[in-house]
Every structure is written in structure tokens, then in C-alpha cells.
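K.L.:
Next up is a structure, given as C-alpha cells.
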Amino acid sequence: MKSELKEIINSDLFRIGGNTSRKMLFINQLLNPTFKFICIHRKCNFYRDRNKIKYLFYRIRLYRLNIKYGFEISNKAKIGEGFKIDHRESIIINPNDILGKNVNVTSGVLIGQQNRGNKKGFPIIGDNVWIGANISIVGKVNIGNNVMIAPGSFINFDVLSNSIVLGNPWVIKESLIATDGYIGWPV
């Protein structure tokens, strides 16, 4: 079971520098606050139903790191392997959100639910998605795979795979290489 946790953390570590060595793990846990946060988030999720004492310990640490780094990323959010936070500051991810593999988020991102209307619900984000700065994704929307969402966008609509979303009001362009150069070292 612990090997499952190790694999997920290694997938996140690989996204940072293309390496999963012990040295890289130690350096990033010590010096990289976003990776440290992701590790604690992973451990909190891992121990939720397995060990109540460890879960409580990691949940308290996660809560403190949320405050320290200006995040509001719920320990209940389902975040796929290879998650990467590119820049700290004000990142909000709802407890019901589902994020796929190799998702990058940057500062000022809100991924939240909508409580009324025809889009009542929460976002589901696919694999290999890059989410730029100051973006809001709200409501029951599906973001496909291989999608780049340019900074400053407001998303309350479905986005097909292999797309680039620009601006507000939005423009969508099809691209098979939408996230090339942005995702980094995919797992």
C-alpha cells in the first residue's frame, strides 16, 4: 500500500525536474514549498481511510500549509498523479473537484462549484491540462485532455480535448500540441 503513495509522490516529483532520486526528493521537500504542500496533501488523502491518527496529523499540517501559502486546496479534492503548482499564491480547489493526471496550476486559480442554475455542480478536468494565472473555472463543466487555458480566462463551459482557450470573452482554438512546452516532463 505504501508503494502506491510513493508512486504518486514520485510522479509529482518527476514533473518538477524529470528525476525521482532520493536526493531530488529531499531537496524538493526541503526547499520547494509547493512540492512540500503536494506531498502533505497526498499523505492526507492516502491515510484518510487507513490510519486515523496519521490522517489527523497530515490534515493539521495541510491546514497550516494552506494558510501559510495562501492556498485553499481541500484535502478531499481528487487530484491525479503528476500534479504541479507552478507559482504560489491564492489557489482555490473545491473539495468536489476532480483533476486528471499532469495538471499544472498557477497563481490566482479558482476551480469551484456553482450552486444554482443549469451549470450547478463542479468541474472535472482531464489529463495534461495547463491552467494559467488568474483563471476561474466554475460549475459543472468538463475540461478535456491536452488543454491549455490562457491567463485571465473565465470558464463556465465545456472545453473539448486538444484545445487552447484564450481570454474573456473566450476564444477556443484547436491544437494537437496545446500543452507542449507547458506541461514539462509528463509521466
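Laboratory data are not the source of any read-out in this text; all were calculated from the coordinates shown. Predicted model only: the values in this text are computed from it and were never measured. All Cβ positions, glycine included, derive from the backbone under ideal geometry; neighbour counts span all protein chains shown.
K.L.:
Compute the convex hull volume of the Cα atoms of segment 1-81, divide it by the residue count, and report the result per residue in Å³ as a whole number. Don't skip to the answer; put the middle values down first.
P.N.:
Numbers: hull volume 7.4 nm³, N = 81.
So the per-residue Cα hull volume is 91 Å³.
K.L.:
Under 10 Å, Cα contacts only: if you run a Gaussian network model on the chain, which one of G117, G100, G70 comes out with the highest mean-square fluctuation?
P.N.:
Result for the chain, Cα springs under 10 Å: G117 fluctuates most.
K.L.:
Contact order normalised by length for the chain, with contacts defined as Cα pairs under 8 Å and 6 or more residues apart; what percent is it? Display every interim value, and only then the final one.
P.N.:
On the way: 443 pairs, mean separation 27.1, N = 187.
With pairs under 8 Å counted, the relative contact order is 14 percent.
K.L.:
Taking other Cβ within 10 Å of each residue's Cβ, how do V171, V109 sort, fewest first? Don't jump to the answer; show the numbers that get you there.
P.N.:
Values: V171 11, V109 27.
Starting with the residue having the fewest Cβ neighbours, the order is V171, V109.
K.L.:
Right, next: Take N134 and I60, extend 7 Å from each Cα along the Cα→Cβ direction, and tell me the distance between the two endpoints in nm.
P.N.:
Between N134 and I60, the simple spin-label model gives 3.9 nm.
K.L.:
For T20, T106, what ranking results if the residue with the fewest other Cβ atoms within 10 Å of its Cβ goes first?
P.N.:
On the way: T20 16, T106 19.
Fewest to most other Cβ atoms nearby, the residues stand as T20, T106.
K.L.:
Another question, then. Considering only DSSP beta bridges whose two residues both sit in segment 2-174, what percent are antiparallel, to the nearest 5? If you can, show how the numbers build up before the last one.
P.N.:
Details: 5 of 33 bridges.
Approximately 15 percent, going by the DSSP bridge assignments.
K.L.:
Now for a different question. Could you state the angle between the C-alpha long axis of helix 52-69 and the longest principal axis of the C-alpha atoms of the chain, as a value from 0 to 90 degrees rounded to the nearest 10?
P.N.:
The two axes meet at around 60 degrees.
K.L.:
Quick one: which of K84/K119; K43/K78; K54/K76; K6/K36; K36/K68 span more than 19 angstrom between C-alpha atoms? Walk me through the numbers on the way to the answer.
P.N.:
Numbers: K84/K119 27 Å; K43/K78 13 Å; K54/K76 16 Å; K6/K36 14 Å; K36/K68 12 Å.
Pairs exceeding 19 Å: K84/K119.
K.L.:
Per DSSP H run of at least 4 residues, take -39500 (n - 2.57); add these up for the chain, divide by its residues and hand me the 222 nm value, nearest 500 deg cm²/dmol.
P.N.:
Working: 4 runs with 59 residues, N = 187.
Result for the chain, helices only: -10500 deg cm²/dmol.
K.L.:
Taking the Cα atoms only, what angle lies between the long axis of helix 33-47 and the longest principal axis of the chain, rounded to 10 degrees?
P.N.:
Computed tilt is about 80 degrees.
K.L.:
If you line up the Cα atoms of the chain on their principal axes, what length do they span on each, largest first, in Å?
P.N.:
45, 36, 28
K.L.:
Have a look at I67, I155, I143 and tell me which one the Gaussian network model of the chain (Cα, springs below 10 Å) gives the largest fluctuation.
P.N.:
I67
K.L.:
Can you pull the one-decimal nm distance between simple spin-label points at R50 and N156, each 7 Å off the Cα toward Cβ?
P.N.:
Spacing of the two 7 Å Cα→Cβ label points: 4.0 nm.
K.L.:
Same structure, new question: Of E174, E81, E89, which is the most mobile in a GNM of the chain whose springs link Cα atoms less than 10 angstrom apart?
P.N.:
E174
K.L.:
A follow-up question, please. For segment 114-187 and segment 1-40, compute the distance between their C-alpha centroids and round to whole Å.
P.N.:
With segment 114-187 and segment 1-40 each reduced to a Cα centre, they are spaced 26 Å.
K.L.:
Give me M148, M24 sorted ascending by neighbouring Cβ count inside 10 Å, so fewest comes first. Show your work: numbers first, answer last.
P.N.:
On the way: M148 25, M24 18.
Listed from fewest to most nearby Cβ atoms, that is M24, M148.
K.L.:
Go through segment 86-154 and name the trypsin sites (Lys or Arg not before Pro) that are in a DSSP coil and have 15 or fewer other Cβ atoms within 10 Å of their Cβ. Write down the numbers at each step before the final one.
P.N.:
Working: sites: R88, K101, R116, K119, K120, K140; in loops: R88, K101, R116, K119, K120, K140.
Taking segment 86-154 and a limit of 15 other Cβ atoms within 10 Å, the loop trypsin sites (Lys or Arg not before Pro) found are R88, R116, K120.
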